[in-house]
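The values are calculated or read from the model by the stated rules, or taken from the named source; none is laboratory data. What you are looking at is a predicted structure, and each value in this text was computed from that prediction instead of being measured. Because the Cβ atoms are built from the backbone with ideal geometry, glycine has one as well, and the counts that use them run over all protein chains shown.
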Amino acid sequence: MDNQNANNKNIINNSNHYNNNIYMNTGAETTGASDGKTHYLSNNHLSPDYNGTGGQTHLRRRSSAYLDRQQLDSCRRLSAVSGHSIAMAMDIKRKSHMEGEGHREGDSIDVPEHEQMSFTMKCVYTSIMMLIHHNFGLSVSGFAPSYVDWTVMLRTNMTYIGLIPIFQAIGGICGSICGTLYKWLPRQLVLLFVVILMAMATIFMPYSTEIWHLYICIFFYGCGVGAWNNSNNVWLIEMWQKRSPTMLLLSQGIYGVGTILGPMVVKPYLSGISQSDKPTGDNMNDTMAALLASQVSDKLKTPFLITGCIEVIGPIIMFILFFIKPYKFTSLTKREDEMAVTEADKARLEEERRVIPKKTLIVCTAIFFATGFMTENMYVDFAPSYFQFVPNLRLSAQTAADIASTMAIALAGGRFLCILLAMKLRPHILAKIFSGCYGLAQP
């Protein structure tokens, strides 16, 4: 036992020696069969003298796949911290365990080819998700330019309108736990429902007659955002595995394009009349206030109806695809991966887990994202209103919407630039660069 522990320690410290020698004596083999299935065999099925050159290469890849699987699981956990769905990540892990149930070490595990998602279907589902994410950016970016008009429509002031992001955030927290429904309902149908919920909430916002009506619409919109935005990222990680970083960055870039177009949709329908600009006293009775509120509401109904209908396009396509080619998550199971590794693999991972301060890293990541999103939302949500009220400036609502769209161009450009930088720089370098940019951008 002491010799084995010493050998494991040497393997951890010398990866080259590990790669060249260990894989000759352990691993798993895959064999093709005429029944259209792939059979994964454990070490027990290999002959003692199985040490061919091709076998070494194959076994090295199989053991590397085990390490990649552990890293992907870590990515999913970190994704949950950065705003992605914890429930979705738990659902992925649960399905992976279910696939391996009933298979003992040494048994063959059949993965029918017709159940595996093809590259074409991955592209189809990814395209639909990109479309939905774009439309999400299109709708949410139209709210901020409308804040001033909402003060007139609801006969209130900016103090209460400024609470809108809070109700959206509360809804987002509630929506993020909807992943628990995946245990009983198909994921596609759940996400289809929450995106339609976002669309309906968007359409009914201009119909609000009281401030609490708007709060309810914003809350349900936030529920849809929490469910969709979280699940979208974890879903991309699940489908694309090693290619998921590029897809995640591309998804955020597409979202940025939507935020550019959102203010442009509402711009022609903005009045820019605030409650403080209206005449007071006897010249402004309740009848006139109600008439002005009705006029503003009627104008806002058109752009919000447009964005709401656009949001429904993605769910309709996904609903049709559910009956044509429903999404199925297939992967190598945890037990299957364990068949292809040695105790040295596990010792190596345990050493990494011991050295890396995982809990500290998660807390720091959560704080970083919380402060980053706080400053970003502060500018994006309130800049159009600020530009209309700031002394010696007092821009029109249309000009404020133009500035909001210009700010979104910088947002989208930075996200697409990140895709190119990610090809050349390591993640921690990117984090340092953009953290510095955040700090320098603060007034």
Only one of ILE237, ILE254 is of a type in the set (A, V, I, L, M, F, W, C), within 25 Å of THR120 (Cβ to Cβ) and modelled with pLDDT of 90 or more; which?
ILE254
Would you check if MET98 is surrounded by 15 or more Cβ atoms within 10 Å (Cβ to Cβ) and either modelled with pLDDT under 90 or closer than 17 Å to VAL234 by Cα (or both)?
no
Answer from MET117, MET121 - the residue that is farther than 27 Å from ILE409 by Cβ and assigned to a helix (DSSP H, G or I):
MET121
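For (1) at pLDDT 90 or above; (2) of a type in the set (Ser, Thr, Tyr), each residue gets a yes or a no:
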position	(1), (2)
MET205	yes, no
ILE218	yes, no
GLN241	no, no
SER244	no, yes
Please specify each residue of segment 174-189 satisfying the condition of being in a loop (DSSP other than H, G, I, E, B) and in contact with a helix residue (DSSP H, G or I) (Cβ under 8 Å, 6 or more places away or on another chain).
PRO186
Determine whether ALA201 is assigned to a helix (DSSP H, G or I), over 16 Å from ASN377 (Cβ atoms) and of a type in the set (Gly, Ala, Ser).
yes
If you check THR259, THR246, which single one turns out to be part of a helix (DSSP H, G or I), among the β-branched types (Val, Ile, Thr), surrounded by fewer than 21 Cβ atoms within 10 Å (Cβ to Cβ) and touching a residue at least 12 places away in the same chain (Cβ under 8 Å)?
THR246
Reported set for segment 154-168 where residues are surrounded by 15 or more Cβ atoms within 10 Å (Cβ to Cβ), part of a helix (DSSP H, G or I) and either outside the structural domain of MET378 (by TED's automatic domain parsing) or not hydrophobic (A, V, I, L, M, F, W, C) (or both) is TYR160, PRO165, GLN168
Out of GLY171, GLY142, I need the residue that is assigned to a loop (DSSP other than H, G, I, E, B), among the small types (Gly, Ala, Ser) and either over 25 Å from PHE373 (Cα atoms) or modelled with pLDDT of 90 or more (or both). Which one?
GLY142
